[in-house]
Amino acid sequence: MRRIRKVHFALMALVLLCVLAFSPADRYFEIAKNIDIFASLFKEVNKLYVDDISPTKIAHTGIDQMLNSLDPYTNYISEDQVEDYRTQNTGQYGGIGALTRVFNKKTMVTMVYADYPAYKNGLRIGDEVIKMDDIELSKLSLEEANHLMRGQVGTPVKLSIKRYGQDQPFDLEFKREKIKINNVPYSGMLADDVGYIQLTEFTPDAGKEVKTALVSLKEKGAKNIILDLRGNPGGLLFEAVNICNLFVPKGKKIVDTKGKLAEHNVTYETLNNPVDTEIPVVVLINRGSASASEIVAGTLQDYDRAVIVGERSFGKGLVQLSRPLPYHAQVKITTAKYYTPTGRCIQVLDYTHRREDGSAGSVPDSLKKEFKTSKGRKVYDGGGIDPDVKLPAQEASSITQALHVSGFIFDYATQYAFSHSTIQDPKTFALTDKEYDNFVQWMKDKNYTYHTALQSELTALEEEAKREKYFDQLKPSIETLQAKLKESRKNDLMNFKDQIKTLLEEEIAARYYLEKGAVEARFKYDLEIKKAVDIFHDQSFYKKILGSN
């Protein structure tokens, strides 16, 4: 009962925080009444329900459902989730500097970082972790294993490792250190005059890391800069401001936030002298670029400071604030919307006016407003950031996804690295046709399944034909299509050779050059990067896009 009272108190505190703090006085009675009803219901269910239930679990479910009715970004963070949340927001944790992933119930090391204990003490990509501090990982969930790997800085951890090509497992011992995940995992020169910066997070020091990379690239001769924000989900708003400040003058408005409370109505301006306000910039975005990424892309677009290349961004124009709760929990609440310098909010889904089924709809084109950039170019709100140069998404085929998820590409890269002591520089490394044929032969005795979109549509057609009593008439045609599709699938390893080969080369390059190798190995296939370089080398086209004479 003491545990129930604690959960009850935490729930009341959460509701009070989320609602009381943000509601006018005339709603206090309604709030108090509903809290009383919920508390009474909660106690009765815990006391009388036929089966044993977890008070914490059922309360957590109720809280999640309440917050989910608002938007996906307003979340309750329980005490046991706080550490993961802190890691996500700071990019720091106590660990050994390795990433793992489960393939076929095996915990495999997928990346190690050169400056941390994992790599220094001999852990390598492709190693299977069997035990951790003598605890068998096969008996733990992935979440439990991840928590076991992390711990207080300075504490020891022992891993039992099984390595390809070695008969017996062996132990490696490490001392946990403070691990800082870089916001800029890679920067370098793509051509004699083109520098490239990959930004994957907006945790603390993102601005400093981008600045360091930018200054270094300019010293190496970069006359043009590619800032890659593809797949970057965002993070800290003020780091987005710092990054914009590298390219636009001091005192320029970057973003406005507007909320229900006056304290959330804030204008963020650049506070420092920029690094370079003239160097040509291309920003790469895709559907995975969200929040702070969209602030950077949208601001540089509004000021005609960069050409945006790729596909439309995610469309998250909401700002969250975290607040502490009792028992070391937290709540993350959407408190405002943000607006780029032209005044546009790029939020794509309207959570305030939901459909009858509870789903949120996109802002219709008819309601989108037109804005003008510094040089008079038209831009619009309500739908993410539209690139200046649109490129179609490079969709992975069903077989490519299946080989990646099931671990076959990973396993083959491990075996390849075992039998090849070195490879070429990752920018030029490529599997020969013969080597790819060896992979196809290696796959012949492997069991894997995948479903194509055409298969799904054909299955749906068959089911619909049966429902509407047309199946007997259509059966010969359906069976003919199924047979042809089955025959075609036999050649999918060759039909999608380019995609599969790209992933194989990335995985193999990582075995020799770690994260740097994986990034550089895909440059030669990257259509967005190629387009950016082409734009730089046609300065008249670059200026025309930005509305310059």
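Return the residue satisfying two criteria in turn: it lies in segment 100-120 and is modelled with pLDDT under 95 and polar (S, T, N, Q), and of such residues it is surrounded by the fewest Cβ atoms within 10 Å (Cβ to Cβ). The residue in question is ASN104.
Just one of the listed residues (THR212, THR270, THR203) is of a type in the set (S, T, N, Q), within 23 Å of THR90 (Cβ to Cβ) and open to solvent by less than 10 Å² (accessible area, probe 1.4 Å), and it is THR203. Going by the structure shown, is TYR448 under 23 Å from MET494 (Cα atoms), of a type in the set (Phe, Trp, Tyr) and outside any loop (DSSP other than H, G, I, E, B)? No, not satisfied. Scan segment 112-122 and give yes if some residue there is out of contact with any strand residue (DSSP E or B) (no Cβ under 6 Å at 6 or more places or on another chain) and more than 27 Å from ALA509 (Cα to Cα), otherwise no. Within segment 112-122, none of the residues are out of contact with any strand residue (DSSP E or B) (no Cβ under 6 Å at 6 or more places or on another chain) and more than 27 Å from ALA509 (Cα to Cα). In segment 267-296, of all residues being without any contact (Cβ under 8 Å) to a residue 60 or more places away in the chain, aliphatic (A, V, I, L, M) and in a strand (DSSP E or B), the one that is nearest to ARG312 (Cα to Cα) corresponds to VAL283. Scanning segment 46-59 finds no residues that are in contact (Cβ under 8 Å) with a residue 12 or more places away in the chain, buried (at least 16 other Cβ atoms within 10 Å of the Cβ), more than 30 Å from LEU172 (Cα to Cα) and within 24 Å of the chain's Cα centre (by Cα). Going through (1) part of a helix (DSSP H, G or I); (2) polar (S, T, N, Q); (3) open to solvent by less than 80 Å² (accessible area, probe 1.4 Å) one by one, SER548 falls short only on (1). Looking for something farther than 20 Å from LYS178 by Cβ, in contact (Cβ under 8 Å) with a residue 12 or more places away in the chain and assigned to a strand (DSSP E or B) - is there at least one such residue anywhere in segment 112-129? Looking for residues that are farther than 20 Å from LYS178 by Cβ, in contact (Cβ under 8 Å) with a residue 12 or more places away in the chain and assigned to a strand (DSSP E or B), one finds at least one in segment 112-129, hence yes. Restricting attention to segment 244-265, the residues that are hydrophobic (A, V, I, L, M, F, W, C), in contact with a helix residue (DSSP H, G or I) (Cβ under 9 Å, 6 or more places away or on another chain) and surrounded by fewer than 20 Cβ atoms within 10 Å (Cβ to Cβ) add up to 1. Contact annotation: residue pairs with Cβ atoms under 7 Å, 6 or more positions apart or on different chains, pairing a residue in segment 237-248 that is more than 15 Å from THR340 (Cβ to Cβ) and among the aliphatic types (A, V, I, L, M) with a partner that is in a loop (DSSP other than H, G, I, E, B) and open to solvent by 10 Å² or more (accessible area, probe 1.4 Å), are LEU246/PRO274; LEU246/VAL275. Any idea which residue in segment 312-329 is farthest from LYS378 (Cα to Cα), counting only those that are open to solvent by 40 Å² or more (accessible area, probe 1.4 Å) and out of contact with any Phe, Trp or Tyr (no Cβ under 7 Å at 6 or more places or on another chain)? Per the stated criteria, the residue is TYR327.
Taken over segment 149-186, the residue count meeting the criterion of being assigned to a loop (DSSP other than H, G, I, E, B) and in contact with a helix residue (DSSP H, G or I) (Cβ under 6 Å, 6 or more places away or on another chain) is 5. Of all residues in segment 48-72, those satisfying the criterion of being within 17 Å of LEU321 (Cα to Cα) and in a loop (DSSP other than H, G, I, E, B) are LEU70, ASP71, PRO72. What are the residues in segment 260-318 that are charged (D, E, K, R) and over 17 Å from the mean Cα position of the chain (by Cα), if any? Once the filter is applied, which keeps residues that are charged (D, E, K, R) and over 17 Å from the mean Cα position of the chain (by Cα), segment 260-318 yields LYS260, GLU263, GLU269, ASP276, GLU278, ASP302, ASP304, ARG305.
Remark: pairs (first residue in segment 137-156, β-branched (Val, Ile, Thr); second residue modelled with pLDDT of 75 or more and open to solvent by less than 40 Å² (accessible area, probe 1.4 Å); Cβ separation under 6 Å; 6+ apart in sequence or on different chains) = VAL153/GLY94; VAL153/ARG176; THR155/ARG176.
So that you can scan it fast, the table gives a plain yes or no per residue for (1) open to solvent by less than 20 Å² (accessible area, probe 1.4 Å); (2) in contact (Cβ under 8 Å) with a residue 12 or more places away in the chain; (3) over 21 Å from the mean Cα position of the chain (by Cα):
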{"site": "GLU505", "(1), (2), (3)": "yes, yes, yes"}
{"site": "TYR513", "(1), (2), (3)": "no, yes, yes"}
{"site": "LYS516", "(1), (2), (3)": "no, yes, no"}
{"site": "LEU527", "(1), (2), (3)": "no, yes, no"}
{"site": "LYS531", "(1), (2), (3)": "no, yes, yes"}
{"site": "ASP534", "(1), (2), (3)": "no, no, yes"}
{"site": "LYS543", "(1), (2), (3)": "no, no, yes"}
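Scanning segment 289-323 for residues that are farther than 17 Å from PHE371 by Cα, touching a helix residue (DSSP H, G or I) at 6+ places or on another chain (Cβ under 6 Å) and among the hydroxyl-bearing types (Ser, Thr, Tyr) gives a single hit, SER313. Of all residues in segment 370-395, those being loosely packed, with under 13 Cβ neighbours inside 10 Å, assigned to a loop (DSSP other than H, G, I, E, B) and more than 22 Å from the chain's Cα centre (by Cα) number 2. For the residues ALA453, ALA465, the requirement of being open to solvent by less than 80 Å² (accessible area, probe 1.4 Å) and under 30 Å from ILE508 (Cα atoms) singles out ALA453.
Would segment 235-243 turn up any residue that is among the aliphatic types (A, V, I, L, M), under 22 Å from PHE536 (Cα atoms) and open to solvent by 10 Å² or more (accessible area, probe 1.4 Å)? No, the conditions are met nowhere in segment 235-243.
Among the conditions (1) open to solvent by less than 50 Å² (accessible area, probe 1.4 Å); (2) within 29 Å of GLN81 (Cα to Cα); (3) not in a strand (DSSP E or B), the only one that THR342 does not satisfy is (2). HIS404: touching a residue at least 12 places away in the same chain (Cβ under 8 Å) and within 19 Å of GLU505 (Cα to Cα), yes or no? Here the answer is yes, as HIS404 does meet what is asked.
The values are calculated or read from the model by the stated rules, or taken from the named source; none is laboratory data. All figures in this text were calculated on a predicted structure; none of them were measured in a lab. With ideal geometry, Cβ positions are generated from the backbone for all residues, glycine too; neighbour counts draw on all protein chains shown. To get the accessible areas, we keep the full protein, side chains included, count just its heavy atoms, and leave off ligands, DNA and RNA. Shrake-Rupley method; radii C 1.70, N 1.55, O 1.52, S 1.80 Å.
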